[in-house]
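Working notes, beginning with the structure itself.
Nothing in this text is a laboratory measurement; each read-out follows from the coordinates by a stated rule. The model shown is predicted, which means the values in this text are computed figures rather than measured ones. Using ideal geometry, Cβ is built from the backbone for each residue, glycine included, and neighbour counts are taken over all protein chains shown.
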Amino acid sequence: MTLELPFDLLTAGNYIKNLMGSSTAFLSSDIMTPNGIGVNGRKLRVLYKTTALRILFRGKTANGVELLKEGKRIQAFARKKVIISAGINSAQLLMLSGIGPSQDLKQAGIKVIFDNPNVGKYLTNHTLNTATFTMNQKDLPELEKDPFALYTGGAFLPNPLSGKKNQRRAVQLIGIVSEGNLNIAILFLQPKSRGSIKIQNNDPPKIVLADEGFLDNESDLESVKVIYRTYIKHIAESLSKIDSTYQLVSPTIEIINDDEQLEDFIKENFGHNHHQQSSLRMAPLNLGGVVDSFGRVHGFNNLIVADAKIIPFTVDGNTSAAAFLIGYTIAKHLIQEGDR
């Protein structure tokens, strides 16, 4: 049987290598100069070695940001809007500015400007586990020569517990070659567990307390166990039939077949990824929200959050595309409003 492709494999490989990333798209030489000044009439200024300390307000209107630039405290004022896009640190920045759970803010020595108990709540992340296989060492040079031989996006599969009627993708498997072994990263994309971000003190460089709540909901652990028993066992059986040098060594089949041992393995070999979402949920204030449908922070004027932390539910894949869409949608709305 001949498989016909729309273009040859060499062209496909070059296409993948030339895919535009966020740094290429937004920080390239046709966007700004090396010292952070916009080019071609673009109104842009990027500050390096700079940390945002807190948002500045006039009443309930955001009008600037206080910054620490190379050891000096400075202030930058906005003519129209203040847009926060600090990722995992966005919740911390709001809390440092007096927006968040009043009791936590008071304990941290921060003046409360707006009591919103939802700031930092409902944090979610995809689980991450692995399975390790021995492999034919003759395959290594080809894989090392071509970094795209194992497509990094991996396979997206449904949750085995969902049944045949629900085929929504819930599992991501990614092949990674490391130290002469084949590792499969296992991400469960529909966790029900929720964590939180809590401010510790009023010192901006100090990190917050982040508890991502992994596996707090028992159904998440059951789902990960079934992923091993369904997908990883099947892969192990199929690989060994193709080439007997490919053998599952961690966890072993014996561990997978033993419920208690598998549960211990999952908990002890748990990984971490940066797919954090939802700590500043897009929802009405009385339903657990921090921002509205255009990222506008409840209770304030001219203050917007534009990153993955406003996602109101857990996305079933990598979060970069969702973050780009959020940025695009908010930017488009601001342009339509005349806030260029």
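Relative to the longest principal axis of the Cα atoms of the chain, the long axis of helix 259-268 lies at roughly 50 degrees.
When both bridge partners sit in the chain, DSSP labels roughly 85% of those beta bridges antiparallel. Summarising the amide proton neighbourhood of THR130: residues at separation of 5 or more, or on other chains, whose placed amide H is nearer than 5 Å comprise ILE186.
Amide hydrogen proximity for LEU44: with H placed 1.01 Å from N in the peptide plane, the residues at 5 or more positions away or on another chain lying under 5 Å are GLY38. Here the Karplus relation 6.51 cos²θ - 1.76 cosθ + 1.60, evaluated at θ = phi - 60°, turns the backbone of segment 275-284 into coupling constants of 10, 5, 9, 6, 6, 10, 4, 7, 5, x Hz, with x for every Gly and Pro. Applying a threshold of 20 Å to the alpha-carbon distances of LYS198/LYS309; LYS111/LYS206; LYS69/LYS206; LYS165/LYS241 flags LYS165/LYS241 as lying beyond it.
Estimated from helical segments only, the mean residue ellipticity of the chain at 222 nm is -7000 deg cm²/dmol, where each DSSP H run of four or more residues counts as -39500 (n - 2.57). Largest GNM mean-square fluctuation among GLY41, GLY100, GLY299, using the chain with Cα springs under 10 Å: GLY41.
Helix 218-227 axis versus longest C-alpha principal axis of the chain: approximately 40°, rounded to the nearest ten. Treating r as the C-beta distance of ALA78 and ARG169 and R0 as 56 Å, the FRET efficiency rounds to 0.90.
With each pseudo-label sitting 7 Å past Cα toward Cβ, what's the ALA155-LYS241 distance in nm, one decimal? Rounded to a tenth, the inter-label distance reads 1.3 nm. Per-residue Karplus couplings for segment 183-192, computed as 6.51 cos²θ - 1.76 cosθ + 1.60 with θ equal to phi - 60°, are listed in order as 10, 10, 6, 10, 10, 8, 9, 10, x, 9 Hz, Gly and Pro entered as x.
Measuring r between the beta carbons of SER22 and VAL249 and using R0 = 45 Å, the FRET efficiency lands at 0.80. Return the whole-Å distance between the Cα centroid of segment 91-149 and the Cα centroid of segment 55-90. If we compute the Cα centre of each part, the gap is 23 Å.
Taking 0.36 nm per residue of separation and subtracting the Cα-Cα distance, full extension of the segment from LEU68 to ASP259 would add 63.6 nm.
The stretch between TYR48 and LYS60 holds 1.4 nm of extra length on full extension. This uses 0.36 nm per residue minus the Cα-Cα distance. Full extension of the chain segment joining SER102 with ASN35 gains 20.1 nm, where the gain is 0.36 nm per residue of separation less the Cα-Cα distance. Each residue of segment 160-173 was assigned a 3J(HN,Hα) from its phi angle through the Karplus curve 6.51 cos²θ - 1.76 cosθ + 1.60 (θ = phi - 60°); the sequence is x, 7, 7, x, 5, 6, 10, 9, 4, 5, 9, 9, 10, 10 Hz, with glycine and proline shown as x. Size estimate for segment 151-249 follows the Kirkwood approach: the inverse of mean 1/r over distinct Cα pairs works out to 16.1 Å.
Taking amide H atoms as placed 1.01 Å from N in the peptide plane, the amide H of GLN200 lies under 5 Å from those of LEU209, each 5 or more residues away in sequence or on another chain. Can you match Rg and Dmax of the Cα atoms in Å to one of these, (i) 23.5, 71; (ii) 21.9, 88; (iii) 18.8, 58, based on a calculation from the structure here? So the calculated entry is the one marked (i). Packing around the peptides 112-121, 281-290, 300-309, taken as the average count of other Cβ atoms within 10 Å per residue, puts them in this order, highest first: 300-309, 112-121, 281-290.
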